[in-house]
């Protein structure tokens, strides 16, 4: 669809409606503009003056502060943090209760946690929430959760086509396999 020439309903001036703008309007189900850019700006100022607002966009509070004084929002982990902590605590408690080696309890717990965290990251992958950093995912695998991470990666097809992730992950798996091979059973 080529650029279109439209006539402004305010001043009668012919203005160009570009292809990109047409796509923007079409995707959102909007009607074509009836005013040229200049008349739209004047209209915005008139409407803002009627409502007692400034015609200029306001800056948010964090943008108004100097960079050194801005606070970063920190994630507290929320329900997932509690779930991870409780999984580790319950599995270690069960290991002590049933007289199982704490190493086996750790291995089961960290793999369960890795599976849960990878599943959570896959769940929020397309949304607006913050993702789990790759460093956290790789750290879980390094701490012994490579089996749970591998199950999640294969079953959910998560992080399987990203070389910057699966190459370090493959190295971690090789290190774990080597440690199992040379472990004095």
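Read the figures in this text as sums done on the coordinates, not as results from a lab. Predicted, not measured: the structure shown is a model, and the values here were computed from it. Positions of Cβ are generated from backbone atoms using ideal geometry, with glycine treated the same way; all protein chains shown enter the neighbour counts.
If R0 is 25 Å, what FRET efficiency do you get for residue 88 and residue 155 from their C-beta distance, rounded to 0.05?
0.65
Express in nm, to one decimal, how much length is gained between residue 166 and residue 119 on full extension, taking 0.36 nm for each residue of separation and deducting their alpha carbon distance.
Using 0.36 nm per residue and subtracting the Cα-Cα distance, I get 15.3 nm.
Once a ≥ b ≥ c are taken as the square roots of the eigenvalues of the Cα gyration tensor of the stretch 4-55, is the result rounded (a/c under 1.5), prolate (a/b larger than b/c) or oblate (a/b not larger than b/c)?
oblate
Order 87-100, 112-125 from most to least packed using the mean count of other Cβ atoms within 10 Å.
Ranking, from highest mean packing down: 112-125, 87-100.
With Rg and the Kirkwood Rh both taken from Cα atoms, where does Rg over Rh land for the stretch 124-172?
0.95
Using only the Cα atoms of the stretch 87-182, construct the convex hull and provide its projected area averaged over every direction, in square nanometres to one decimal.
6.7
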